[in-house]
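The values are calculated or read from the model by the stated rules, or taken from the named source; none is laboratory data. These figures come from a predicted structure and were not determined experimentally. Cβ: placed from backbone, ideal geometry, glycine included. Neighbour counts: every protein chain shown.
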Amino acid sequence: MTELTRLSFSIEKPLLEQLEKLRKDSKYANRSEFIRDMIRQQLVGRQWQDDRETLGTVTLLYNHDLHKLSEKLTDLQHHHHQSILVSTHVHMDKHLCAEVLLVKGRASQIRRLANLLRQQKGVLHGALSISSTGKSLT
């Protein structure tokens, strides 16, 4: 188990009230875990900013009826196979598909891949969710 260290810091009362509202709205049981997660979020952002090895998900929603779109998306994924750990494809209805890719690599590579995928004609929505490999979060 990780050794814990107690901290003490000063904060203006209005800022503390906002912190407590954020914590409660986020359903955290205590302030310590909420602050630890805020710090981790900043660390993940720094990893992406510094173009380090990262983890992310790319979510796509698209119309599979559009001529050759499925083939273009598959070709792009094959071209970037070294970054894609796994993909899941779901048929939402008769025409719409959702695809989620778990990707790992330098932040710039992942951003480039996400942009290439969501820029294809017929992709209705594409989102990149950033995360970390976790190596520096403990």
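Every listed requirement among (1) of a type outside the set (Lys, Arg); (2) more than 30 Å from Ile35 (Cα to Cα); (3) at pLDDT 95 or above is met by Leu102 save one, (2). Figure legend. Inter-residue proximity from the stretch 42-60: first residues in a loop (DSSP other than H, G, I, E, B), second residues surrounded by 14 or more Cβ atoms within 10 Å (Cβ to Cβ), beta-carbon distance below 8 Å, spacing 6+ or different chains. Indicated pairs: Asp50/Ala107; Asp51/Arg106; Asp51/Ala107; Arg52/Arg106; Arg52/Ala107.
Would you say Arg112 is touching a strand residue (DSSP E or B) at 6+ places or on another chain (Cβ under 9 Å) and within 25 Å of Gln47 (Cα to Cα)?
The answer is no for Arg112.
Of the residues Leu4, Leu66, Leu73, the single one that is assigned by TED's automatic domain parsing to the domain that holds Leu128 and modelled with pLDDT under 95 is Leu66. In the stretch 70-129, the residue that is surrounded by the fewest Cβ atoms within 10 Å (Cβ to Cβ) out of those that are of a type in the set (A, V, I, L, M) and part of a helix (DSSP H, G or I) is Leu76. Candidates are the residues of the stretch 1-32 that are aliphatic (A, V, I, L, M) and either assigned to a loop (DSSP other than H, G, I, E, B) or in contact with a helix residue (DSSP H, G or I) (Cβ under 7 Å, 6 or more places away or on another chain) (or both); the one that is surrounded by the fewest Cβ atoms within 10 Å (Cβ to Cβ) is Met1.
Scanning the stretch 1-60 for residues that are within 19 Å of the chain's Cα centre (by Cα) and small (Gly, Ala, Ser) yields Ser26, Gly45, Gly56. Residues in the stretch 12-41 that are in contact with a Leu (Cβ under 7 Å, 6 or more places away or on another chain) and without any contact (Cβ under 8 Å) to a residue 60 or more places away in the chain: there are none.
To keep it simple, each residue is scored yes or no on (1) in contact with a helix residue (DSSP H, G or I) (Cβ under 8 Å, 6 or more places away or on another chain); (2) not small (Gly, Ala, Ser).
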position: His95; (1), (2): no, yes
position: Ala98; (1), (2): no, no
position: Val103; (1), (2): yes, yes
position: Ser108; (1), (2): no, no
position: Leu116; (1), (2): yes, yes
position: Lys121; (1), (2): yes, yes
position: Gly126; (1), (2): yes, no
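Tell me, please, whether a residue that is in contact with a Lys or Arg (Cβ under 7 Å, 6 or more places away or on another chain) and modelled with pLDDT of 95 or more can be found in the stretch 107-123. The answer is yes, given that some residue of the stretch 107-123 is in contact with a Lys or Arg (Cβ under 7 Å, 6 or more places away or on another chain) and modelled with pLDDT of 95 or more.
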